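See structure below.
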Amino acid sequence: MAAAGGLAVVLCGCGGPSVRQQTSVDTAMGTIVSQTLYVEEADGTDREAAPESTMESACATVMEIVKELEQRELSWRIEGSEVARINGLADERDSEEGQSPGQEKGIAVSVSPPMRDILTQIWQVSEDSGGALDVTLGRLSRLWNLDGREESGDGTAFSGVPADGQIQAALDQTGYGRVGFWEDGITLPPGMQLDLGAVGKGIACDRIRAYLLSQPQITGAVVAVGGSVVTYGQKSDGSPWKVAIVHPREEGNYLGLLSLTGEQFVSTSGDYERYVMVDGVRYHHILDPATGYPACSDLCSVTVVCGSGLLADALSTACFVLGSEQGMGLAEIYGAEALLVEEDGTMHMTEGMKMIFSALE
């Protein structure tokens with residue numbers, strides 16, 4: 001069983017002797033990336049046609065995809081990434097004057113076609129969730145500093161609960177509704193900072209799936225990037241992929257198993273992943289855009305299954321912020337399957353989730 005944030009991949013029933021398997025565990029995006037790839041040899045095929053080096057190369061390529069996505073596009077920390085460039089331009093204009101009363105001055109920033117597609121999808125979920133998902137919280141998330149930066153190696157750590165005034169000042173520079181879209185880019189207010197951490201691992205799973213589709217020798221795969229998982233193809237024995245959901249309040253235990261086909265994406269968001277306890281209060285990394293504080297709904301864990309890594313990641317975050325009733329409604333809008341777990345252990349499931357979830361005794 002390979003750990004994957006709020007999920008775990010169960011590696012069993014992988015097939016008969018005609019299947020070659022390559023498993024790899026590495027780190028990227030401040031989390032564990034675990035992958036298992038399968039190549040099924042046809043009868044009469046020369047065994048040298050699919051040497052071990054081919055599988056090792058495929059695993060290395062998957063890691064390269066994840067790391068390049070972070071370094072070139074999504075990271076706000078890494079100089080030269082697209083998000084860092086966008087944020088840098090907003091910072092440069094933060095102190096400019098000449099703004100008319102009641103009128104917000106916008107900064108036009110060109111973006112690449114892939115980034116525009118990513119942002120368009122995110123903004124749709126933001127609209128549909130009433131702002132429960134908002135990737136303009138960059139200043140706020142840095143203020144709280146609960147996003148696992150120690151794991152990413154820059155040495156910073158949580159330094160205490162921010163003051164109300166600090167939180168409000170950071171909130172004043174957020175708001176997905178203040179961002180405009182035009183043909184080749186976006187327009188955002190001076191000082192606004194994007195943080196795509198809520199969807200980054202899901203996007204990585206989308207990119208991995210696209211790569212797997214281009215590799216006919218890979219007949220099956222399951223890859224976990226932290227709390228996001230993509231299943232691809234099938235096992236030679238025809239059995240489903242098994243993904244375990246971590247119990248949010250019992251360390252080392254699991255709520256149950258998901259039985260999945262290929263081409264499915266899973267994402268789990270929870271208040272147990274990155275948090276600190278201060279005076280008996282749990283402060284976690286999933287922030288509520290309405291309050292500026294860690295989301296305080298009735299939920300402690302949300303798992304979403306759908307046909308897109310980005311959407312699975314985005315919906316799990318938004319549903320967590322919304323709470324059980326509104327969260328279930330949002331999942332149904334997207335035709336996604338969802339499992340929402342309340343603090344007292346009560347579980348809410350869509351009808352489709354009931355068909356693929358098996359509780360563990």
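Of all residue pairs spaced 6 or more apart or on separate chains, those with beta-carbon atoms under 8 Å, a first member in the stretch 30-42 that is more than 12 Å from K235 (Cα to Cα) and a second member that is of a type in the set (K, R) and at pLDDT 95 or above are T31/K201. All told, D195 meets the bar of being outside any helix (DSSP H, G or I), among the charged types (D, E, K, R) and within 26 Å of L137 (Cβ to Cβ). Contact annotation: no residue pair with Cβ atoms under 8 Å, 6 or more positions apart or on different chains, pairs a residue in the stretch 64-76 that is on the phi > 0 side of the Ramachandran plot and at pLDDT below 95 with a partner that is basic (K, R) and surrounded by 16 or more Cβ atoms within 10 Å (Cβ to Cβ). Please go through the stretch 331-348 and pick out each residue that is open to solvent by less than 50 Å² (accessible area, probe 1.4 Å) and more than 16 Å from A314 (Cβ to Cβ). Those that are open to solvent by less than 50 Å² (accessible area, probe 1.4 Å) and more than 16 Å from A314 (Cβ to Cβ): L339, V341, E342, G345. Number of residues in the stretch 242-283 that are closer than 30 Å to Q173 by Cα, more than 16 Å from the chain's Cα centre (by Cα) and in contact (Cβ under 8 Å) with a residue 24 or more places away in the chain: the value is 4. Within the stretch 84-95, being polar (S, T, N, Q) and either open to solvent by 70 Å² or more (accessible area, probe 1.4 Å) or free of Cβ contacts under 8 Å to residues at least 40 places away in the same chain (or both) holds for one residue alone: S95. The set of residues from the stretch 66-83 being buried (at least 18 other Cβ atoms within 10 Å of the Cβ) and part of a helix (DSSP H, G or I) comprises V66, L69, E70, E73, L74, E82, V83. Scanning the stretch 180-194 for residues that are of a type in the set (A, V, I, L, M, F, W, C) and surrounded by 20 or more Cβ atoms within 10 Å (Cβ to Cβ) yields I186, L188, M192, L194. The residues of the stretch 202-239 that are without any contact (Cβ under 8 Å) to a residue 60 or more places away in the chain and either hydroxyl-bearing (S, T, Y) or closer than 28 Å to M349 by Cα (or both), listed by number, are S214, T231, Y232, Q234, G238. Quick check on my filter: what residues within the stretch 214-230 are in contact with a strand residue (DSSP E or B) (Cβ under 8 Å, 6 or more places away or on another chain), outside any strand (DSSP E or B) and over 18 Å from T27 (Cα atoms)? Q217, I218, T219, listed by residue number.
Here is a yes/no grid of residues against (1) touching a Lys or Arg at 6+ places or on another chain (Cβ under 7 Å); (2) of a type in the set (S, T, Y); (3) at pLDDT below 95:
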site	(1), (2), (3)
A42	no, no, yes
R85	no, no, no
D91	no, no, yes
S126	no, yes, no
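Just give me the residues in the stretch 304-361 being without any contact (Cβ under 8 Å) to a residue 24 or more places away in the chain and β-branched (V, I, T), in sequence order. If the condition is that a residue be without any contact (Cβ under 8 Å) to a residue 24 or more places away in the chain and β-branched (V, I, T), then T346, T350 are the ones that fit.
Residues considered: S301, S269, S324, S316. Of these, the only one that is touching an Asp or Glu at 6+ places or on another chain (Cβ under 7 Å), open to solvent by less than 20 Å² (accessible area, probe 1.4 Å) and of a type outside the set (K, R) is S324. Looking only at the stretch 211-236, residues that are out of contact with any helix residue (DSSP H, G or I) (no Cβ under 6 Å at 6 or more places or on another chain), open to solvent by less than 40 Å² (accessible area, probe 1.4 Å) and β-branched (V, I, T) come to 3 in all. Consider the stretch 103-126 and keep the residues that are free of Cβ contacts under 8 Å to residues at least 24 places away in the same chain and outside any loop (DSSP other than H, G, I, E, B). The one that is surrounded by the fewest Cβ atoms within 10 Å (Cβ to Cβ) is P113. In this structure, is I208 under 24 Å from E64 (Cα atoms), open to solvent by less than 40 Å² (accessible area, probe 1.4 Å), of a type in the set (A, V, I, L, M) and within 20 Å of the chain's Cα centre (by Cα)? So I208 fits the description; yes.
The values are calculated or read from the model by the stated rules, or taken from the named source; none is laboratory data. Note that this is a predicted model, so its numbers are computed, not measured. Note: ideal-geometry Cβ built from the backbone for every residue, glycine included; neighbour counts use all protein chains shown. Keep in mind that these areas ignore ligands, DNA and RNA; they rest on the heavy atoms of the full protein, side chains included. Shrake-Rupley method; radii C 1.70, N 1.55, O 1.52, S 1.80 Å.
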